[in-house]
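Enquirer: Pasting a structure here, questions to come.
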Amino acid sequence: MIRIPGANAPFSVTLALLTAPSLLAQVATPNQPAAQGNETASNSLQQVVVTGARIPLDEAVVPTARPNTSAFGLDLNTMDIPRNVTIISRQQLDDTNIEDVRDFTKLTTSSFTQSNFGAPSNPSIRGQTADVFVNGMRLGLTSNGNGLPFDFNSVESVDIFKGPPSVVQGVSQYVGGFVNLNTKQPYFDTFKGSVSTTIGTYDQYRWNVDLGGPIIKDQLAFRISYSGQDSGSYYENQITQTHSIYGALRWTPTPNYTLALSGDLYFATYTENFGINRPTQQLIDNGQYFSGYVQGWNGRGADYGKFVQSSGNAIVPTGDVGLSRSVRLFAPTNGSYGKNYRAQAVQTFTLSDSAKIVNNTLFQYIDRHTESNYFYSEIVNPAWSVENRTELQLNFETPLGGGNSKAAPARPSPDGKDAKAPLAAPENGLTLGNQINVGVDVRYQEVNAADDYFDEPANAWDLSLSRKDIKYFNFTSALPVPTSPGFVASPGVFNGDTNNSRLLDVGPFYEHVLNVGDHFSLLAGARLDILWVNEMDPLYDEAGLNQVNPAGNKAHNVEFLPNVNISPTFKPFKWLTAYFTYNYSQSIASANGGGLPSDIPIKNQSDYHRESQLFEFGAKATLLKDTLFISTALFQQNRVLPGLGSAFENDNIRGWEIEGDYQPSRNFYVSAGYSFLDSQVHGSPFVTQAYPVDDPRLRQPDGTVLTDVGTSLPNGSYREPGLPKHAFNLLARCQVPTAYGTFGAILNNVVTGPFYLDYGNYLKVPWQYQMDLTFFYKTPDGRFEARVALLNVTGEHNWSPPNPIYGNDSVVAEWPFHVEGTVTFRF
């Protein structure tokens, strides 16, 4: 591993690779397709004009190329959104070989996601698990961002917002940021599609079929996409087998009405990755593993797991040994599986040039199970929700000094090139431009979920021994789960996480953008969520049979949660925007499966009123005839960290972010960013082990080492584990069109500063970087494309952090150098 005192190696290579492509930026593409008709934005992917070059919308990386409704429900250009936002196009998703949400770091440095057992369903933003939305509607139904492997099959582009969702979406406990997935849309121009397959080292096999076309010209069209995977892994005994089917239908019978239907089915069989246990500085620096067996085991014949206790295991050290980075804490017979169903309907009623109604409905269903013999279990069986949001969107102007209000000028075309220009004032004086979004959001969810993390003696197992010996017998608080035979879990009275809960949330909201002339605007909004909550402990009867005396089996209450935001914006020039944003919100804590914490009776009101405050100053600029976009933000946020076991630590995070995109032509673009994040946790964090296994404070008089003693640390201020203060990302693409086809290369480089695995700052991961190189070729007609991706091309021995609670229990070894090849046929 390179320590990178000045990070010279990756930066020098990056500079060399970026210098030459700049000369090719203005090369015309002889095979470039013509613009496609005059169809509306809702019915086709449009062309946008950038310095005279016609760039398909799905290849445009400059975020001002398209309007955005993810933030406030209103059609706003990125320049007009008073938040730091990263918009990831389909082109960038393909160019970075994104496979899970941790790869978002390749495109925005504020999104650095912990390993989260190797299966994070949510990314992290600004040091906290982020919300995930699909076409503006919250997915939820997760706790701590753990769940099924992320499914990109339905995704066309991604919007990454920093800070809490607006009053339109409402908030959850994940207030560091949110991700909105814009799904694939039907093709209205002609029938077309693609077939692709990816084969890589370490038994990587993935495939995709995507097709669609018009059914009724200019009125009805469809899109279907199927993706599958049957892959092994660099890690031993790890598999990922998935099937995903996505379908979309769009119907525009009249110019005043549009119905967009979409749905997907997703099935996954996979294995989690807890990583290598017993992390020490010797392991991180030199690959030396702390070996030793649990006291009492004779090493001959007896089942190792029968000597392992749920806590307080005494380990007999046998010295440091070399250990393959592919080894992890996992038994060969363990695994996870699950299924996810989702359906969405979006109706748009255009009442006039200045008014429309948008009705958005999302249904989702999740059923998943996880069991690891070391030991951890998690069952969500099932969780489902349905949400409906109705919005009345108004857009009009009010002349100052009298006169009648009138509809605002028509919204800019989808290419967004006029979206930065302020509303023109009439000749007789100043005009107030108004954009209003008012409505109500209704969400109902039911969750039946259970887990056991009390019986989790992670450091008792010696990975230098056979992993077949990892099987835990001495359950204490775990009880059989009636709805899932063969699974065990802890009652909610113990962990606050096992729950059978119901939630009805009714949230009226109001959002208003007031434009005062050409230079000033004010965005303000408010929402009140009224929550009817009902909780039950699904293991209440089992707890009673085992002489556990829960306080009660049912609880219900009504809670009121406010959410307000205000953002003044100043535009000294058309190309420059400066803003300040303040956001205050309250949210409820989330238990397993996205359910409600098992407070029975409801006694801890902090579960239902977790406060968050965001202060953000930012600026955005669009330069060089809209080919260069730069955004920067300075922020402070005070919030409560979500945590296992209903931990309530306050987090104060300060940071600075800067990002830029430059795309002078279809043949070249570069995106880069830097973030500084300083996150301090205040409170008494719970950890499963306070010190690394080689710390002298764990050594007993008989020479053994005491492990797996969970404890709450002394009340104080702690640097947030697993979060680097410094992070850099760079993505560059250059292609050269010729008479024989188009040849190109893509460079992706991520550099992260040092971070600690644990609250005590005992285990430090130094500077790290990963560089990926991709080479591609496309035929002159664009129907065939071949790619070869060289991932972690310099073979760095990088490490990924676990959830902070496991800082002295786990560290994940990242993949070494590996290769993937992809071929795509388009028709």
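The values are calculated or read from the model by the stated rules, or taken from the named source; none is laboratory data. Since this is a predicted model, take the numbers as computed values, not measurements. Heads up, the Cβs are rebuilt from the backbone with ideal geometry, glycines too, and the neighbour counts pull from every protein chain shown. The accessibility values were calculated without ligands, DNA or RNA, using every heavy atom of the protein model including side chains. Shrake-Rupley method; radii C 1.70, N 1.55, O 1.52, S 1.80 Å.
To keep it simple, each residue is scored yes or no on (1) within 25 Å of residue 680 (Cβ to Cβ); (2) modelled with pLDDT under 90; (3) small (Gly, Ala, Ser).
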site	(1), (2), (3)
99	no, yes, no
105	yes, no, no
110	yes, yes, yes
122	yes, yes, no
142	no, yes, no
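Enquirer: With the structure loaded, tell me whether residue 218 is in a loop (DSSP other than H, G, I, E, B), surrounded by fewer than 24 Cβ atoms within 10 Å (Cβ to Cβ) and over 14 Å from the mean Cα position of the chain (by Cα) or whether it fails that test.
Expert: Details: in a loop (DSSP other than H, G, I, E, B): yes; surrounded by fewer than 24 Cβ atoms within 10 Å (Cβ to Cβ): yes; over 14 Å from the mean Cα position of the chain (by Cα): yes.
So residue 218 passes the test.
Enquirer: Quick test of your reading of the structure: residue 300 fulfils all but one of (1) part of a strand (DSSP E or B); (2) among the basic types (Lys, Arg); (3) open to solvent by 70 Å² or more (accessible area, probe 1.4 Å). Name the failing condition by number.
Expert: Unmet condition: (1).
Enquirer: Among the residues of the range 652-688, how many are closer than 26 Å to residue 747 by Cβ and of a type in the set (Val, Ile, Thr)?
Expert: 2
Enquirer: Show the residue pairs meeting these rules: Cβ distance below 8 Å; 6+ apart or different chains; first residue within the range 781-810 and without any contact (Cβ under 8 Å) to a residue 24 or more places away in the chain; second residue surrounded by 20 or more Cβ atoms within 10 Å (Cβ to Cβ) and assigned to a loop (DSSP other than H, G, I, E, B).
Expert: none
Enquirer: Applying the selection to the range 349-368, what residues are charged (D, E, K, R) and surrounded by fewer than 15 Cβ atoms within 10 Å (Cβ to Cβ)? Spell out the reasoning first.
Expert: Here is the first cut: in the range 349-368, the ones charged (D, E, K, R) are 353, 356, 367-368.
Selection gives 353 alone.
Enquirer: Checking residue 503 against (1) in contact with a strand residue (DSSP E or B) (Cβ under 8 Å, 6 or more places away or on another chain); (2) on the phi > 0 side of the Ramachandran plot, which test does it fail?
Expert: Condition not satisfied by residue 503: (2).
Enquirer: Would you check which residues across the range 492-533 are in a helix (DSSP H, G or I) and in contact (Cβ under 8 Å) with a residue 60 or more places away in the chain and list them? First the steps, then the outcome.
Expert: So the first thing to find is which residues in the range 492-533 are in a helix (DSSP H, G or I), and the list is 492-495.
Correct list: 492, 493, 495.
Enquirer: Also, I was wondering about something else. Identify, please: which residue in the range 193-205 is open to solvent by 50 Å² or more (accessible area, probe 1.4 Å) and in a strand (DSSP E or B) and is, among those, farthest from residue 786 (Cα to Cα)? Break it down stepwise before answering.
Expert: Of all residues in the range 193-205, those open to solvent by 50 Å² or more (accessible area, probe 1.4 Å) come to 195, 197, 199, 201-203, 205.
Cutting the leftovers down to in a strand (DSSP E or B) gives us 195, 197, 199, 205.
Details: 195: 12, 197: 10, 199: 12, 205: 16 Å.
Residue satisfying both the conditions and the ranking: 205.
Enquirer: From the list 45, 57, which residue is within 23 Å of residue 152 (Cβ to Cβ) and modelled with pLDDT under 50?
Expert: After applying the criteria, what remains is 45.
Enquirer: Contact list please: Cβ distance under 9 Å, first residue in the range 445-464 and farther than 30 Å from residue 705 by Cα, second residue among the aromatic types (Phe, Trp, Tyr) and not in a strand (DSSP E or B), pairs at least six apart or on different chains.
Expert: 450/487
Enquirer: Restricting to the range 435-455, name every residue that is of a type in the set (Asp, Glu) and surrounded by 24 or more Cβ atoms within 10 Å (Cβ to Cβ). Reasoning before the result, please.
Expert: Of the residues in the range 435-455, the ones of a type in the set (Asp, Glu) are 441, 446, 451-452, 455.
Result: 451, 452.
Enquirer: Moving on to the next point. I want to confirm something. Restricting to the range 589-607 and keeping residues that are under 17 Å from residue 638 (Cα atoms) and open to solvent by less than 30 Å² (accessible area, probe 1.4 Å), which single residue is modelled with the highest pLDDT?
Expert: Step one: list which residues in the range 589-607 are under 17 Å from residue 638 (Cα atoms), which gives 589, 606-607.
Adding the requirement that they be open to solvent by less than 30 Å² (accessible area, probe 1.4 Å) leaves 589, 607.
Working: 589: 82, 607: 75.
The qualifying residue modelled with the highest pLDDT is 589.
Enquirer: For the range 251-272, which residues satisfy the criterion of being of a type in the set (D, E, K, R) and closer than 15 Å to residue 364 by Cβ? Before the answer, list the steps.
Expert: First, the residues of the range 251-272 that are of a type in the set (D, E, K, R): 264, 272.
Hit for the range 251-272 is 264, nothing else.
Enquirer: Just checking, how many residues over the range 410-452 are of a type outside the set (A, V, I, L, M, F, W, C), more than 36 Å from the chain's Cα centre (by Cα) and at pLDDT below 55? Lay out the reasoning, then the answer.
Expert: To start, the set of residues in the range 410-452 that are of a type outside the set (A, V, I, L, M, F, W, C) comprises 411-418, 420, 422, 426-429, 431, 433-435, 437, 439, 441, 443-446, 448, 451-452.
With the extra rule that they be more than 36 Å from the chain's Cα centre (by Cα), the set shrinks to 426-429, 431.
Right, trim to at pLDDT below 55 and you get 426-427.
Of the residues in the range 410-452, 2 are of a type outside the set (A, V, I, L, M, F, W, C), more than 36 Å from the chain's Cα centre (by Cα) and at pLDDT below 55.
Enquirer: Filtering the range 671-694 down to residues that are in contact with a helix residue (DSSP H, G or I) (Cβ under 9 Å, 6 or more places away or on another chain) and part of a loop (DSSP other than H, G, I, E, B), which residue is farthest from residue 808 (Cα to Cα)?
Expert: Restricting to residues being in contact with a helix residue (DSSP H, G or I) (Cβ under 9 Å, 6 or more places away or on another chain) and part of a loop (DSSP other than H, G, I, E, B), the top hit is 685.
Enquirer: Also, quick follow-up: Within the range 311-342, how many residues turn out to be open to solvent by 50 Å² or more (accessible area, probe 1.4 Å) and of a type in the set (Gly, Ala, Ser)?
Expert: Residues that pass the stated criteria total 3.
Enquirer: Residues to consider are 697, 733; find the one that is at pLDDT 95 or above and either outside any strand (DSSP E or B) or out of contact with any strand residue (DSSP E or B) (no Cβ under 7 Å at 6 or more places or on another chain) (or both). Quick ask: steps written out before the conclusion?
Expert: On the way: 733 fails: either outside any strand (DSSP E or B) or out of contact with any strand residue (DSSP E or B) (no Cβ under 7 Å at 6 or more places or on another chain) (or both).
Just one listed residue meets the conditions, 697.
Enquirer: Sticking with this structure for a sec: Determine if the range 748-769 includes at least one residue that is small (Gly, Ala, Ser) and not in a loop (DSSP other than H, G, I, E, B). Before the answer, list the steps.
Expert: Initially, the range 748-769 is screened for residues small (Gly, Ala, Ser), giving 753, 760.
This time we only want the ones that are not in a loop (DSSP other than H, G, I, E, B), so: none.
Among the residues of the range 748-769, not one is small (Gly, Ala, Ser) and not in a loop (DSSP other than H, G, I, E, B), which makes the answer no.
Enquirer: Here is a further query. Is there a residue being farther than 27 Å from residue 210 by Cα, in contact with a helix residue (DSSP H, G or I) (Cβ under 8 Å, 6 or more places away or on another chain) and open to solvent by 10 Å² or more (accessible area, probe 1.4 Å) anywhere in the range 90-112?
Expert: yes
Enquirer: If residue 803 passes every condition in (1) within 21 Å of the chain's Cα centre (by Cα); (2) closer than 21 Å to residue 203 by Cβ but one, which one does it miss?
Expert: Result: residue 803 fails condition (2) only.
Enquirer: Can I ask one more? Do we find a residue being in a strand (DSSP E or B) and among the acidic types (Asp, Glu) anywhere in the range 536-547?
Expert: Filtering the range 536-547 down to residues in a strand (DSSP E or B) leaves 536.
From the residues that got through so far, the ones that are among the acidic types (Asp, Glu) too are none.
So far as the range 536-547 goes, no, none of its residues is in a strand (DSSP E or B) and among the acidic types (Asp, Glu).
Enquirer: Would you point out the residue of the range 700-716, among those that are small (Gly, Ala, Ser) and part of a strand (DSSP E or B), that is surrounded by the fewest Cβ atoms within 10 Å (Cβ to Cβ)?
Expert: First pass over the range 700-716, keeping only residues small (Gly, Ala, Ser): 703, 710, 712, 716.
Filter once more, so that each one left must be part of a strand (DSSP E or B): 712, 716.
Numbers: 712: 13, 716: 11.
Selected residue: 716.
Enquirer: Output the number of residues of the range 479-494 satisfying the condition of being closer than 12 Å to residue 376 by Cβ and surrounded by fewer than 24 Cβ atoms within 10 Å (Cβ to Cβ). Walk me through it before giving the result.
Expert: Going through the range 479-494, the residues closer than 12 Å to residue 376 by Cβ turn out to be 487-490.
Narrowing the set further to residues that are surrounded by fewer than 24 Cβ atoms within 10 Å (Cβ to Cβ) leaves 487-488.
Matching residues across the range 479-494 total 2.
Enquirer: Taking only the range 369-392 into account, find how many residues are open to solvent by 20 Å² or more (accessible area, probe 1.4 Å) and either among the hydroxyl-bearing types (Ser, Thr, Tyr) or touching a His at 6+ places or on another chain (Cβ under 6 Å) (or both).
Expert: Kept after step one, since they are open to solvent by 20 Å² or more (accessible area, probe 1.4 Å), are these residues of the range 369-392: 371, 373, 381-382, 384, 386, 388, 390, 392.
Adding the requirement that they be either among the hydroxyl-bearing types (Ser, Thr, Tyr) or touching a His at 6+ places or on another chain (Cβ under 6 Å) (or both) leaves 390.
Qualifying residue count, the range 369-392: 1.
Enquirer: Right, residue 774: buried (at least 20 other Cβ atoms within 10 Å of the Cβ) and in contact (Cβ under 8 Å) with a residue 60 or more places away in the chain or not? It would help to see each step written out before you state the result.
Expert: Working: buried (at least 20 other Cβ atoms within 10 Å of the Cβ): yes; in contact (Cβ under 8 Å) with a residue 60 or more places away in the chain: yes.
So residue 774 fits the description; yes.
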